[in-house]
1. Among the residues of the range 136-150, count how many are open to solvent by 60 Å² or more (accessible area, probe 1.4 Å) and either under 19 Å from His274 (Cα atoms) or touching a residue at least 12 places away in the same chain (Cβ under 8 Å) (or both).
2. Could you grab me the full set of residues in the range 154-173 that are surrounded by fewer than 15 Cβ atoms within 10 Å (Cβ to Cβ) and in a loop (DSSP other than H, G, I, E, B)?
3. Inspect the range 226-247 for any residue being under 23 Å from Leu290 (Cβ atoms), exposed (fewer than 13 other Cβ atoms within 10 Å of the Cβ) and modelled with pLDDT of 95 or more and give the result as yes or no.
4. Taking the residues in the range 93-121 that are surrounded by fewer than 10 Cβ atoms within 10 Å (Cβ to Cβ) and assigned to a helix (DSSP H, G or I) as candidates, determine which candidate is modelled with the highest pLDDT.
5. Only one of Ser252, Ser258, Ser287 is of a type in the set (S, T, N, Q), over 30 Å from Leu52 (Cβ atoms) and surrounded by 14 or more Cβ atoms within 10 Å (Cβ to Cβ); which?
6. Would you confirm, using the coordinates I've provided, whether Leu212 is under 17 Å from Leu134 (Cα atoms) and touching a Gly at 6+ places or on another chain (Cβ under 7 Å)?
7. Anything in the range 174-193 that is on the phi < 0 side of the Ramachandran plot, surrounded by 13 or more Cβ atoms within 10 Å (Cβ to Cβ) and either among the polar types (S, T, N, Q) or under 22 Å from the mean Cα position of the chain (by Cα) (or both)? List them, or say none.
8. Please identify the pairs in which a residue from the range 178-191 that is among the aliphatic types (A, V, I, L, M) has its Cβ atom under 7 Å from the Cβ atom of a residue that is modelled with pLDDT of 85 or more and surrounded by 11 or more Cβ atoms within 10 Å (Cβ to Cβ), counting only partners at least 6 apart or on another chain.
Amino acid sequence: FWSGGNTDEVIFEGKHVGDAFYNTTRYGEDLQSNTAEISMSAADAQLRKDSLGVIMRNWHPGPLGFQMVSDAMAYVYATAMIHAIDRIEATFSNPSEKAAKQWESRPILLKDDLPSPQICDPRYCNVDTAPTCLNFEKPTFGWYGASIALPDDDLNPYRGTKQNWISYTKPVDPSTYMIPKLEQKLYQQDPDKCQFPDRCGAISGEYYSGRLVFKLPKMEVGVIAVCVCCGKDVAERMVLENEFLQVELNGSILNHTSWDIWPEKKCVRLVSQHGNIVGDSGHSYLSLSLLEGNTQNVKI
């Protein structure tokens, strides 16, 4: 995407303001120092307009980035609905045998009718279901796939062993966390105004915590990766090069030498492909434990 046809300025560069059509959101267009919900100078009003016009904060969209995507989706779906209604009306207004057959014979497209992926490993992409992810960030939505096995579950193959890893939420100052400096200044008398519940989270363990046992969902390819908290380059230290981390899949200890950083620096791929292999219980379980000698607090 480019900001206009006659410029080479990439609008998705960090903190870029404007998308070649607008330099702020619709809310920002009406923002004036004398009409704002709080008192602000003309200079602060302009700063806030520019802040609202950011396309990408970092890898998170800014306000105008969200508006741009939502407007595009609304336009595409509304246009598709209009075309569908036009076709239905045309069929009703000309109920000839040809038109009726044309409507009835519309082909039904399935997954297998799609072309092969262009930039995705077919081993991972040509499957019936998308990968699933269990994470402990807040808020989290959707189906989690894997789950933490209850220590006393009858099917848990490690039942009876210590399983005392604990939940962890990264502490932040909610009155300033990820809130632009200007908004912090403008709303310092009402700090709850701009807060939102986004928090990094994990399951935390030490060598004395015992096992962390995951019950895995049914898998078609069988790729298993774990990501760690909190930071972009901590997976190598916490997992990949941690000689005191022992990982078992259905009772078999996994060899460290087969692990690699994937798909990014926060994650380690423990298993690249094993299919839908299950244990004696008919389910597949992954166990992580930290052996004596470990000095790190590991957060998965």
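The values are calculated or read from the model by the stated rules, or taken from the named source; none is laboratory data. For clarity, every value in this text was computed on a predicted model and none was experimentally measured. Note that each Cβ is placed from the backbone with ideal geometry, even for glycine, and that neighbours are counted across all protein chains shown. Accessible surface areas use protein heavy atoms only, side chains included; no ligands, DNA or RNA. Shrake-Rupley method; radii C 1.70, N 1.55, O 1.52, S 1.80 Å.
1. Total satisfying the criteria: 5.
2. If the condition is that a residue be surrounded by fewer than 15 Cβ atoms within 10 Å (Cβ to Cβ) and in a loop (DSSP other than H, G, I, E, B), then Asp154, Leu155, Arg159, Gly160, Thr161, Lys162, Asn164, Lys170, Pro171, Val172, Asp173 are the ones that fit.
3. yes
4. Out of the qualifying residues, it is Asp113.
5. Only one candidate qualifies: Ser287.
6. yes
7. Result: Pro174, Ser175, Thr176, Tyr177, Ile179, Gln184.
8. From the range 178-191, the pairs are Met178/Asp198; Leu182/Asp44; Leu182/Leu47; Leu182/Arg48; Leu182/Ser51; Leu186/Asp44.
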